[in-house]
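Below is one structure, written out as structure tokens; the observations come after it.
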Amino acid sequence: MLFSFNKKKSSDLNNDFKSITENLYKQNSELAEKNKIFSLLRKLYQISILTLDPEQLSAEMSETVRDTLEFELVSIFVLDDTKNNISPLALVTSNRLEKAQKDYNCSFSCVIPNVNENDFFKKILQNKLESHVSDLGIWSNCISPENLKTLTERSNIKALSGYPLIIEGEAIGTFIFCLNRPFENLTQYEKESISSVVDIISVALNKSYLYRELKATNSKLELANENLHQLDRQKSEFLSLASHQLRGPLTSIKGYSSMIIEGDFGETSPQIKDAVSTIFSSTENLVVLVNDYLDISRIEQGGMKYDFTTFDLGTLVKQVHTEYIPVIQKAEMTSTIDLDATQTYLVNADQGKLKQVVSNLLDNSIKYSPKGNIIITLKKTGVKVCLSISDNGIGIEPEMITKLFQKFNRSQDANKVNVKGTGLGLYLVKQLVEAHHGRVWVDSKGKGKGSTFTVELNTVEK
Ligand code: ADP
């Protein structure tokens with residue numbers, strides 16, 4: 001009894017072992033297959049990251065698919081502008097198909113016309129579905145039927161499949177491959193894997209096309225930018241020339257109108273005097289404008305000359321302030337100057353240019369403060385010297401603070417108190433200060449709350 005029981009057990013065990021081994025073998029091959037596909041998808045993903053050129057990307061991806069899945073032919077076809085012809089962006093074949101093409105002096109790399117009249121392509125491009133055929137007839141316009149038959153036999157091709165390459169919902173081409181077995185023989189897993197491959201290729205192609213477009217747009221923008229720079233240079237040159245030409249006549253208008261006002265040509269009626277005074281002050285504004293334009297065009301053309309010397313900024317500020325006292329008084333304003341008279345504020349700078357900076361800021365404080373007091377402060381902190389000009393005028397809206405130093409920018413309220421402004425003064429101030437490696441900025445608590453403009457320069461004192 002015991003013997004027969006053991007014998008039965010042993011045969012059962014044998015069967016179990018066989019089935020386990022078979023199962024293991026099956027699972028192992030499935031695992032190997034999955035591993036192969038996984039590594040293929042990873043390689044395609046890497047190519048998509050490293051390659052941006054559509055042709056190179058298509059070639060590398062097609063080769064990788066051909067080598068991993070052992071396809072006889074892999075190709076990425078894209079529609080041309082007519083959307084009726086399709087041409088290969090990449091087409092790679094197995095070694096034997098390559099040799100067969102050479103032997104029969106023919107090539108699969110050709111444009112396939114009239115795809116809209118072809119059932120195989122219509123299904124792919126119009127219905128956006130995959131399509132399968134068992135021959136290579138799609139190349140009948142470039143390879144003779146006899147050659148196609150021989151090539152099919154020599155490379156043992158059993159099926160040709162096409163999948164749509166879809167970008168933003170539109171089929172832009174097809175992914176085509178040739179197999180050594182009927183398409184139906186592929187496992188469900190293999191079919192799904194091919195779909196994933198096609199998805200990766202579509203996304204990568206989309207990215208590379210976008211990159212190409214971006215590059216083309218960038219080059220156009222660069223060109224447009226260069227043209228704009230050129231126009232800007234020409235404009236600056238023109239302005240500089242025009243301003244030079246204007247200076248002479250303006251000087252004589254100013255000179256003669258001043259002489260008429262002063263009575264150098266005899267007594268004039270009060271009406272004439274009034275009219276000539278208006279001519280004189282308008283001419284003065286025009287002179288300021290012409291000088292600003294001239295300076296800006298010089299700066300922008302890199303032609304501004306600077307004469308650096310070492311001098312006391314304190315003395316310069318006091319001098320400008322003194323010159324402005326009559327203007328301040330005329331505006332019914334007061335001013336105070338706050339600096340340490342016992343010390344110097346030595347800077348290495350262009351005295352004329354810094355005078356222009358201080359005058360400009362002081363002039364603005366008067367223009368943009370209907371009434372009130374202006375405080376000029378000079379302070380030394382370490383290696384820096386700071387000049388601040390504060391007023392309790394119209395102030396500046398927070399959103400305008402950073403914009404005022406750009407050309408032609410003026411705050412909304414500026415026009416109410418100074419219609420003649422051009423928005424060039426602060427731009428010029430910034431350019432001049434920066435040419436001295438300094439900084440200029442403005443602080444204001446807002447509309448109607450006054451402003452403080454500060455210029456920071458390097459002192460040459462220890
Ligand atoms: P302009 O005075 O000719 O308009 P600026 O470049 O000198 O040109 O000034 C630009 C703008 O900055 C002015 O239009 C004004 O809006 C504002 N601004 C300048 N200085 C002051 C100030 N002290 N207070 C308030 N706003 C000012």
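Worth pointing out:
- Any hit, region 372-386, residues being within 35 Å of the chain's Cα centre (by Cα) and under 24 Å from Asn291 (Cβ atoms): no
- The residues of region 374-392 that are crowded, with 20+ Cβ neighbours inside 10 Å and either more than 19 Å from Val455 (Cα to Cα) or of a type in the set (D, E, K, R) (or both) amount to a single one, Asp391.
- Residue within region 363-385 that is in contact with an Asp or Glu (Cβ under 6 Å, 6 or more places away or on another chain), assigned to a helix (DSSP H, G or I), closer than 17 Å to Val320 by Cα and not aliphatic (A, V, I, L, M) present: yes
- Residue in region 309-320 that is touching a helix residue (DSSP H, G or I) at 6+ places or on another chain (Cβ under 7 Å), open to solvent by 40 Å² or more (accessible area, probe 1.4 Å) and either under 24 Å from Ser365 (Cα atoms) or aromatic (Phe, Trp, Tyr) (or both) present: no
- Just one residue in the set Leu148, Leu179, Leu97 is free of Cβ contacts under 8 Å to residues at least 24 places away in the same chain and of a type in the set (A, V, I, L, M, F, W, C); that residue is Leu148.
- Considered as a group, the residues in region 427-462 that are open to solvent by 20 Å² or more (accessible area, probe 1.4 Å) and assigned to a helix (DSSP H, G or I) include one that is farthest from the ligand (Cβ to nearest atom), and that residue is Ala435.
- Being surrounded by 14 or more Cβ atoms within 10 Å (Cβ to Cβ) and out of contact with any strand residue (DSSP E or B) (no Cβ under 8 Å at 6 or more places or on another chain) holds for only one residue in Ile272, Ile299, Ile328, and it is Ile299.
- Odd one out for Ile366, checked against (1) exposed (fewer than 15 other Cβ atoms within 10 Å of the Cβ); (2) under 21 Å from Ser282 (Cα atoms); (3) more than 8 Å from the ligand (Cβ to nearest atom): (1)
- Residues that are within 6 Å of the ligand (Cβ to nearest atom) and under 25 Å from the mean Cα position of the chain (by Cα), drawn from region 391-405: Leu404
- Applying the criterion of being surrounded by fewer than 16 Cβ atoms within 10 Å (Cβ to Cβ) and among the polar types (S, T, N, Q) to the residues of region 275-290, the residue that is farthest from Ser236 (Cα to Cα) is Ser277.
- Considered as a group, the residues in region 413-426 that are open to solvent by 30 Å² or more (accessible area, probe 1.4 Å) and in contact (Cβ under 8 Å) with a residue 60 or more places away in the chain include one that is farthest from the ligand (Cβ to nearest atom), and that residue is Lys420.
- For Asp232, the criteria (1) assigned to a helix (DSSP H, G or I); (2) open to solvent by less than 80 Å² (accessible area, probe 1.4 Å); (3) of a type outside the set (Ser, Thr, Tyr); (4) under 30 Å from Thr377 (Cα atoms) hold in every case but one, which is (4).
- Applying the condition of being open to solvent by 20 Å² or more (accessible area, probe 1.4 Å) and among the acidic types (Asp, Glu) to region 336-363 and asking which residue is farthest from Asp292 (Cα to Cα) yields Asp340.
- Condition met for Leu250 (farther than 19 Å from Val429 by Cα and open to solvent by less than 40 Å² (accessible area, probe 1.4 Å)): yes
- Count of region 390-412 residues which are in contact (Cβ under 8 Å) with a residue 40 or more places away in the chain and in a loop (DSSP other than H, G, I, E, B): 8
- Qualifying residue in region 75-82 (condition: over 23 Å from Glu98 (Cα atoms) and touching a residue at least 24 places away in the same chain (Cβ under 8 Å)): yes
- Residue count, region 375-390 (criterion: more than 10 Å from the ligand (Cβ to nearest atom) and under 20 Å from Ile328 (Cβ atoms)): 6
The values are calculated or read from the model by the stated rules, or taken from the named source; none is laboratory data. This structure is a prediction, so every number in the text was calculated from the model and none was measured. Every residue, glycine as well, gets a Cβ built from its backbone with ideal geometry; the counts of neighbours run over all protein chains shown. Note: accessible area is taken over every heavy atom of the protein model, side chains too, but ligands, DNA and RNA are not part of it. Shrake-Rupley method; radii C 1.70, N 1.55, O 1.52, S 1.80 Å.
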